[in-house]
Amino acid sequence: MSSEGIEEKIGLETSGKKEEIVEKNGEGSNAKPVELVEHKHVEVADDIPPELEALLHTDPSHGLTSAEAQKRLEDFGRNELAEVKTNPILKFLSYFTGAIAYLIEISCIFAAIVQHWLDFGIILALLFVNAFIGFIEEARAESALDALKQTLALKAKVWRDGHFVEVDTAELVPGDIIGLRLGDIIPADARLLGISVTGGETEGTLSIDQSALTGESLPVEKKKGDTVYSSSIVKQGQMLAVVTKTGSNTFIGRAANLISITVEQGHFQKIVNAIGNFLILITVVLVSIIFIYQMVYFRNDPVKGNVFEVLGHVLVLTIAAIPVGLPTVLSVTMAVGAKQLAAKKVIVKRLTAVEEMASVSVLCSDKTGTLTLNELTFDEPYLCPGFTKSDILLYSYLSAEPGANDPIEYAVRTAAENELDILKNRPNSHEIPGYKVTAFIPFNPATKMTNATVANLNNNEVFKVAKGAPQVIIKLVGGDDDAVRAVNSLAIRGLRALGVARTFPDDPETYKLVGMISLLDPPRPDSAETIRLCNHYGVEVKMITGDQLIIAKEVAHRLGMNRVILDANHLVDPDKTEEEVTQHCERADGFAQVIPEHKYRVVELLQKRGLLVGMTGDGVNDAPALKKANVGIAVHGCTDAARSAADIVLLAPGLSTIVDGIMTSRAIFQRMRSYALYRITSTVHFLMFFFCITLIENWQMSAILLILIALLNDAATLVIAVDNAKISPRPDKWRLGQLIVLSLILGTLLTGVSFAHFYIARYVFNIDKDDQRLETIMYLHISSAPHFVIFSTRLSGYFWENLPSPVFFIAVLGTQVFAMFISIYGVLTAAIGWAWGVSIIVVSLLFFFVLDFVKVAVFKYWSFELTAKLWPTPKRKNKLRDRKLDRIYQERVTQSVAKVRKVVAITKVILAFQHSQKSKKRTIQ
């Protein structure tokens with residue numbers, strides 16, 4: 001399909017509707033008046049199985065009997081969420097699992113068997129330090145299911161045995177008749193009966209705030225037959241309802257189930273295990289060969305050939321080779337990063353989320369309360385000729401009900417108090433300077449408007465002001481085609497409109513239209529800039545909201561995002577394959593009218609594409625997706641459910657701290673990757689040299705020197721957590737293939753220079769292999785040469801492009817100066833003097849420069865295309881082809897979008913010109 005075709009299919013589905021409305025409201029047809037286009041609210045369907053439907057026909061005046069309620073309680077269970085507690089002891093023990101941890105534990109057991117108690121103590125200490133760091137940092141995490149339970153109502157009014165009684169919500173069952181009033185938290189999913197709590201029929205509606213469940217920014221009007229969801233709040237009205245679903249079968253219960261099944265292994269743990277498996281493989285293979293060789297070679301020597309003697313030597317070699325400190329160094333690095341983020345009001349609940357955030361390439365964001373403020377505010381109004389913005393604000397305020405618990409009235413009053421000078425600094429907030437409301441008729445669902453009679457105290461004139469639904473006010477003023485077009489224009493953009501009209505003293509019964517108020521849940525002040533910066537750093541932002549499609553598109557437009565927002569039907573379309581649905585997820589800028597299962601599915605499909613996904617949200621409906629995402633981010637003011645399901649919690653309002661989190665996490669990632677590259681290189685070098693030298697020369701280094709190398713070097717590299725880091729402009733990736741190949745190249749070169757030291761000392765300076773000075777020379781070289789490589793592995797470019805921090809430089813250099821003095825003066829080993837000591841350190845430093853140039857060359861020429869050519873597996877070939885096709889597709893889409901935007905801009909200019917011409921004609925008339 002062409003890019004234009006795809007754009008038409010998935011991104012511009014409403015363009016035809018817009019043209020139809022413009023045509024309908026244009027001047028071309030004088031046969032009939034302009035009609036008001038009302039936006040139809042899309043409600044989430046809730047299927048009721050036939051066997052359950054049969055239980056819902058309870059007599060509203062009597063309710064269930066106690067026996068019926070008890071029987072249904074046994075059949076359907078209690079109206080509460082299943083609770084799964086994690087044993088803290090088992091959680092602590094889980095930190096002792098993983099490839100590297102298992103090898104360290106086996107080494108610990110062998111150390112005890114051969115009675116190397118110093119090694120045993122050191123290994124055991126490192127294991128517990130790593131476990132405690134992870135456990136303590138993550139101990140603050142709360143149970144997501146516990147928090148979901150807190151959002152449920154505790155008591156409910158219900159008809160039982162002919163009496164209207166109060167019961168625990170946990171005892172509600174399908175078929176129960178419950179009463180819902182203003183301010184109630186709805187205790188279970190229920191169907192409205194159209195009967196008032198007092199028992200009479202009612203044509204009224206309930207105004208329900210379900211923003212925390214569905215993400216809808218405006219209260220939803222529910223009438224007889226509609227479903228209301230557990231944990232939503234009644235904002236206006238009262239009515240009886242029959243319970244349809246309880247516990248885990250409710251809307252919120254399904255969200256809880258999604259959270260409980262999300263127990264996948266984290267990305268970071270997979271990476272550490274992959275590195276560990278590689279190192280373990282080469283360690284076990286090479287050390288096993290050495291063990292077998294020495295058992296055979298010393299088979300006739302009762303001392304050297306003793307199995308425990310050989311095992312002890314091999315054990316020391318294993319301990320020195322395996323990255324005992326790898327988990328600890330990475331945990332400390334992430335813990336330091338978590339502390340840095342905490343200073344920026346970003347709280348990290350799961351430590352490994354720090355690393356994973358650096359690799360996030362797609363950020364799925366909830367709209368209501370995350371990208372927007374979750375509060376209705378006054379937007380730019382439509383004004384009739386002769387009236388100003390101040391006029392419509394004043395008249396709206398005069399006709400607003402004081403103290404009404406209504407978001408629309410609150411938005412109107414707040415806007416007027418903030419913008420009108422006469423309402424600022426009033427001595428009495430209940431009075432309006434210069435005006436007095438002498439009579440007031442509050443909002444009535446039948447008339448759909450409020451009406452105020454106002455006296456102007458300056459000239460004693462009396463007039464009336466009406467405010468209400470657009471169609472009502474337009475009818476009140478005798479019709480106005482321009483106002484209808486204005487309301488239709490606002491409706492297309494998802495804005496809520498209210499009409500305002502007033503009378504004049506010379507004709508107190510004739511209303512004249514003042515204009516149309518427009519209301520919208522506006523974007524947060526920093527949302528647009530946050531999205532721009534995320535895109536700048538290679539993170540694509542997708543809006544995923546339960547709100548209406550047209551509202552989502554308007555908010556996307558205001559945030560500077562593309563408006564390719566699809567409705568949730570694209571995610572569950574039976575006519576599309578999973579591959580097609582996944583492509584929609586990748587290419588769309590967002591989804592609207594979604595439920596928690598849809599958000600969860602979007603994250604899941606993107607993850608199956610190999611993408612690391614971040615998710616931001618604040619409501620109960622976001623909790624499953626927050627839990628499923630690689631990095632779940634709960635924003636300021638979020639619900640307990642969202643906070644508990646998330647990995648990261650933002651304490652400051654707005655999203656700007658997400659950018660701080662991305663920057664900090666990428667710096668931490670660079671430190672971790674540089675350490676991993678250094679440690680793998682060091683292990684490869686260590687094993688290759690000792691494997692070859694043992695087989696060729698049967699030469700060994702004393703155990704104390706091997707342990708000293710491992711301890712000093714790993715201890716020094718702990719300070720990499722505070723090293724300077726070069727932040728990547730794109731999402732970071734481990735690229736394990738590249739990491740291991742580069743480690744093998746650097747390790748091989750280091751092995752070569754190690755052999756050079758060994759044989760130069762033996763044959764040029766005639767030091768015998770049994771001479772302890774040779775042991776000291778090799779100790780100092782093996783300690784310093786690989787250790788200086790960490791200055792190179794810090795970044796992909798040349799080391800001088802971003803110099804190390806003073807603390808890190810001093811720590812690394814200090815350990816090698818310490819090793820040099822040990823070698824020069826013969827502490828724990830034979831002395832070699834200043835000449836050898838200084839020469840070895842200088843050679844190690846000079847060779848580090850050589851390795852740095854090799855590293856830059858590898859990074860320069862290494863690419864996925866190169867990998868696919870050198871190792872052309874079918875999977876790599878397909879991936880390379882898909883990348884090329886996607887690049888072509890993106891270019892064509894960009895060109896198509898640019899063309900469409902140009903046409904839209906020209907159309908807006910023409911329409912604006914036509915509107916100004918009409919306004920001039922009306923003014924002249």
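Points to keep in mind about this one:
- Matching residues in the stretch 101-130 - criterion: being closer than 20 Å to Ser331 by Cβ and hydrophobic (A, V, I, L, M, F, W, C): Ala101, Leu103, Ile104, Cys108, Ile122, Ile123, Leu124, Ala125, Leu126, Leu127, Phe128, Val129
- Breaking point among (1) buried (at least 23 other Cβ atoms within 10 Å of the Cβ); (2) among the aliphatic types (A, V, I, L, M); (3) modelled with pLDDT of 85 or more, for Val354: (3)
- Total residues in the stretch 437-450 satisfying the condition of being over 18 Å from Asp391 (Cβ atoms) and part of a strand (DSSP E or B): the figure is 5.
- Helices (runs of 4 or more DSSP H) fully within the stretch 690-803 that include at least 2 residues being under 22 Å from Ile289 (Cβ atoms): 703-717, 736-759, 772-788.
- Residues satisfying the stated conditions in the stretch 762-783, i.e. at positive phi and within 52 Å of the chain's Cα centre (by Cα): none
- Single residue of Ala486, Ala556, Ala568 found to be small (Gly, Ala, Ser) and assigned by TED's automatic domain parsing to the domain that holds Tyr397: Ala486
- Filter result for the condition that a residue is touching a residue at least 24 places away in the same chain (Cβ under 8 Å), under 18 Å from the mean Cα position of the chain (by Cα) and buried (at least 21 other Cβ atoms within 10 Å of the Cβ), over Ile662, Ile709, Ile680: Ile662
- Selection within the stretch 401-432 - part of a loop (DSSP other than H, G, I, E, B) and surrounded by 14 or more Cβ atoms within 10 Å (Cβ to Cβ): Glu401, Ala404, Asp406, Leu420
- Every test in (1) closer than 19 Å to Ser682 by Cβ; (2) surrounded by 15 or more Cβ atoms within 10 Å (Cβ to Cβ) is passed by Gly837 save one, and that test is (1).
- Filter result for Gly637 (in a loop (DSSP other than H, G, I, E, B), within 27 Å of Leu490 (Cβ to Cβ), of a type in the set (Gly, Ala, Ser) and over 13 Å from the mean Cα position of the chain (by Cα)): no
- Of all the residues in the stretch 599-622, those that are polar (S, T, N, Q), buried (at least 21 other Cβ atoms within 10 Å of the Cβ) and at pLDDT 85 or above number 1.
- Residue list for the stretch 535-580, filter: surrounded by fewer than 17 Cβ atoms within 10 Å (Cβ to Cβ) and among the hydrophobic types (A, V, I, L, M, F, W, C): Val572
- Summed over the stretch 746-761, the residues that are surrounded by fewer than 17 Cβ atoms within 10 Å (Cβ to Cβ) and under 42 Å from the mean Cα position of the chain (by Cα) give a count of 1.
- Among the residues listed as Ile531, Ile517, Ile474, the single one being in contact (Cβ under 8 Å) with a residue 12 or more places away in the chain, surrounded by 24 or more Cβ atoms within 10 Å (Cβ to Cβ), part of a helix (DSSP H, G or I) and not polar (S, T, N, Q): Ile531
- From the list Phe691, Phe686, the one residue that fits, being of a type in the set (Phe, Trp, Tyr) and surrounded by 24 or more Cβ atoms within 10 Å (Cβ to Cβ), is Phe686.
- Residue satisfying all of: in the stretch 22-70; at pLDDT below 70 and within 30 Å of Val243 (Cβ to Cβ); surrounded by the most Cβ atoms within 10 Å (Cβ to Cβ) among these: Val44
- The stretch 804-813, residues that are touching a residue at least 12 places away in the same chain (Cβ under 8 Å) and either exposed (fewer than 13 other Cβ atoms within 10 Å of the Cβ) or β-branched (Val, Ile, Thr) (or both): Val807, Val812
- Options Val827, Val789, Val843; residue that is surrounded by 14 or more Cβ atoms within 10 Å (Cβ to Cβ), assigned by TED's automatic domain parsing to the domain that holds Gln738 and at pLDDT below 90: Val789
The values are calculated or read from the model by the stated rules, or taken from the named source; none is laboratory data. The structure displayed is predicted, hence computed values, not measured ones. Virtual Cβ from ideal backbone geometry, glycine too; neighbours counted across all protein chains shown.
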